[in-house]
Amino acid sequence: MNVQRQVLGSLLRAVAEEMGAVLVRSAFSANIKERRDCSTALFDERGRMTAQAEHIPVHLGAMPDAVAAVMRHEPARDDVWIVNDPYTGGTHLPDITLVSRTDVGFAVTRAHHADVGGREPGSMPADSRTLDEEGVVIPPTRLDDMVLTRLIAQMRNPDERRGDLRAQLAAHHLADRRVAEICRRRGRDVVVEAMDELYAYSERRIRAGIAALPDGRYEACDVLEAQSGDLELRAAVTIAGESITVDFAGTAPQDSGNLNCPLAVARSACYFVVRALVDPDLPASGGAFAPVDVRAPLGCLVNATSPAAVAAGNVETSSRIVDVVMRAFSGAIPTPAQGQGTMNNVTIGNEQFTYYETIGGGQGACPDGDGPDGVHVAMSNTLSTPVEALELQYPLRVERYALRRGSGGNGAHRGGDGVVRELRVLAPCRVSLISERRRQAPAGTAGGAAGTVGRNANNGQVVPGKVTAELAAGDVITIETPGGGGHGAS
């Protein structure tokens, strides 16, 4: 790219980053302002992502579907649209997406709200079976004050919900001003041309990286730990010239529980793997997605149909898709051992408060190094809620927060260690835990040992990986997250 296009690319990425900063700093909930469970991006007039902040992979890879869903309604210049329906551009219901027009396309924010209604505080029940049990379903809708009031009336902690949604709106107002400034300074036609080139440049880089891989078909399988038993996930990766096809034929049918996910989430996980393996330093744009074709039978676990529940699909199934696709690629190129493969979702709340968090664990070892300890792996890129903020905002006390020493798998390079997080509740409430790798350990690679499985406990009594329960004041929830697999024989 020439110098001017490089400068414009940096300007557009800076706008996306500043949108994220405004959203985080304006938010009310700890989930957004502390954990930064949100993502921001800019799209061109054709609905193609051209610049993003380095936020949450599962949010960003699925964003184009939300923009496409809104574009079908021909949004006006000053409109803001809201959507969370997983089957029309969303991921799971707590992830609320706003889309607005700019002078050259669209601005998009997506944030995980601590509650969007439903039968359990925090809107992440471990045992939901239909979408409406998980919260308010919002199809693409033009957002105004009346719609905002109607929506938050169906959610817990309406003042917090209003504050977080207004924080998203502030990010959109910022994007509108910044993009208009760039167009005034550089010329609108020049900016549009630069956005086209950013998209094309990413596509060229990824295609060149794919062309360097050995052609062939590479297969792998893994399982998800449903309450009713293990569900098989199968992936076949075909590398042909400058393109890749990922096919999930043979994957289990959609489940009666909530491990299902829409195809947008499956695509997002595949895009993440390809970018991580082929060109991890590439400035991200939608062009990096173009050479990747993702296929899955309609009605299977990773291409579910409405009204199947999806609360765990966005967080847990997306993590397993990364695992199985990465394992398939190991037939073509060296890949890391499996990381913890779960987000360890913890939701605690009642009608007065809702706390949600994902917890880090061990990353898998690489051919040239140990896996890092206590990190958010793959599709999650959030922070931990600081102990001080957690105890200040919620009736919770952190009894223990430490590395789970020795949980990483042995090998020439060790897998990263998991985490122990122990919470005492100080008021009657309910808890929902959605976690994986409690029965099946993260696998090692090239002779490395598997990591240690995770463990959840309620007052010291082991509970399943997916459970919803009543808690009394003084009860203690303990989450021990998995370690990553080792690489190479020790």
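The values are calculated or read from the model by the stated rules, or taken from the named source; none is laboratory data. Fair warning: this is a prediction, and the values are worked out from it, not measured in the lab. Using ideal geometry, Cβ is built from the backbone for each residue, glycine included, and neighbour counts are taken over all protein chains shown.
Name the residues in region 307-322 that are in a loop (DSSP other than H, G, I, E, B) and hydrophobic (A, V, I, L, M, F, W, C), would you?
The initial filter retains those residues of region 307-322 that are in a loop (DSSP other than H, G, I, E, B), namely 307, 309-312.
A309, V310, A311, A312, listed by residue number.
For region 269-284, which residues satisfy the criterion of being in a loop (DSSP other than H, G, I, E, B), touching a residue at least 24 places away in the same chain (Cβ under 8 Å) and either more than 17 Å from the chain's Cα centre (by Cα) or surrounded by fewer than 23 Cβ atoms within 10 Å (Cβ to Cβ) (or both)?
Just the residues of region 269-284 that are in a loop (DSSP other than H, G, I, E, B), to begin with: 279-284.
Applying the additional criterion that residues be touching a residue at least 24 places away in the same chain (Cβ under 8 Å) yields 279, 282-284.
Within region 269-284, D279, L282, P283 meet the criteria.
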Inset, instruction - Looking for whichever is among the hydrophobic types (A, V, I, L, M, F, W, C), closer than 30 Å to E160 by Cα, assigned by TED's automatic domain parsing to the domain that holds A443 and not in a loop (DSSP other than H, G, I, E, B) here; the options are I359, I348. Which one fits? - result: I348
Legend entry - Residues of region 420-430 that turn out to be closer than 14 Å to Q340 by Cα and surrounded by fewer than 19 Cβ atoms within 10 Å (Cβ to Cβ), as a count: 0
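Just wondering, is there one or more residues in region 30-48 that are hydrophobic (A, V, I, L, M, F, W, C), touching a residue at least 24 places away in the same chain (Cβ under 8 Å) and in a helix (DSSP H, G or I)? Walk me through it before giving the result.
Here is the first cut: in region 30-48, the residues hydrophobic (A, V, I, L, M, F, W, C) are 30, 32, 38, 41-43.
Of the ones still in play, those that are also touching a residue at least 24 places away in the same chain (Cβ under 8 Å) are 30, 32, 38, 41-43.
Filter once more, so that each one left must be in a helix (DSSP H, G or I): 30, 32.
Within region 30-48, one or more residues are hydrophobic (A, V, I, L, M, F, W, C), touching a residue at least 24 places away in the same chain (Cβ under 8 Å) and in a helix (DSSP H, G or I).
Might you let me know whether region 411-419 holds any residue that is surrounded by 15 or more Cβ atoms within 10 Å (Cβ to Cβ), among the small types (G, A, S) and under 25 Å from N157 (Cα atoms)?
Checked region 411-419: no residue is surrounded by 15 or more Cβ atoms within 10 Å (Cβ to Cβ), among the small types (G, A, S) and under 25 Å from N157 (Cα atoms).
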Inset, instruction - Name the one entry in E436, E470, E399 that is within 25 Å of S128 (Cβ to Cβ), out of contact with any His (no Cβ under 8 Å at 6 or more places or on another chain), surrounded by fewer than 24 Cβ atoms within 10 Å (Cβ to Cβ) and of a type in the set (D, E, K, R). - result: E470
Inset, instruction - Output yes when any residue across region 288-309 is polar (S, T, N, Q) and crowded, with 24+ Cβ neighbours inside 10 Å, and no when none is. - result: no
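Could you go through region 7-27 and let me know if any residue there is in contact with a Phe, Trp or Tyr (Cβ under 9 Å, 6 or more places away or on another chain) and more than 24 Å from D281 (Cα to Cα). Full working, then the answer.
Start the filter on region 7-27 by keeping residues that are in contact with a Phe, Trp or Tyr (Cβ under 9 Å, 6 or more places away or on another chain), which leaves 9.
Add one more test, that the residue is more than 24 Å from D281 (Cα to Cα), and what stays is none.
No, there is no match, as no residue in region 7-27 is in contact with a Phe, Trp or Tyr (Cβ under 9 Å, 6 or more places away or on another chain) and more than 24 Å from D281 (Cα to Cα).
On the given criteria, is R129 in contact with a helix residue (DSSP H, G or I) (Cβ under 6 Å, 6 or more places away or on another chain) and surrounded by fewer than 17 Cβ atoms within 10 Å (Cβ to Cβ)?
Numbers: in contact with a helix residue (DSSP H, G or I) (Cβ under 6 Å, 6 or more places away or on another chain): no; surrounded by fewer than 17 Cβ atoms within 10 Å (Cβ to Cβ): yes.
Criteria not met by R129.
Answer yes if at least one residue in region 221-237 is part of a loop (DSSP other than H, G, I, E, B), of a type outside the set (G, A, S) and surrounded by fewer than 18 Cβ atoms within 10 Å (Cβ to Cβ), and no otherwise. Walk me through it before giving the result.
Initially, region 221-237 is screened for residues part of a loop (DSSP other than H, G, I, E, B), giving 227-228.
If we keep only those that are of a type outside the set (G, A, S) too, we end up with 227.
If we keep only those that are surrounded by fewer than 18 Cβ atoms within 10 Å (Cβ to Cβ) as well, we get 227.
Yes, because at least one residue in region 221-237 is part of a loop (DSSP other than H, G, I, E, B), of a type outside the set (G, A, S) and surrounded by fewer than 18 Cβ atoms within 10 Å (Cβ to Cβ).
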Inset, instruction - Tell me which of these V67 doesn't satisfy, since it passes every other one: (1) touching a residue at least 60 places away in the same chain (Cβ under 8 Å); (2) under 30 Å from E133 (Cβ atoms). - result: (1)
Legend entry - Hits in region 403-418 (condition: more than 17 Å from M343 (Cα to Cα) and not in a loop (DSSP other than H, G, I, E, B)): H413
Legend entry - Residues of region 239-268 classified as within 16 Å of V322 (Cβ to Cβ) and either in contact with a Cys (Cβ under 8 Å, 6 or more places away or on another chain) or assigned to a helix (DSSP H, G or I) (or both), total: 9
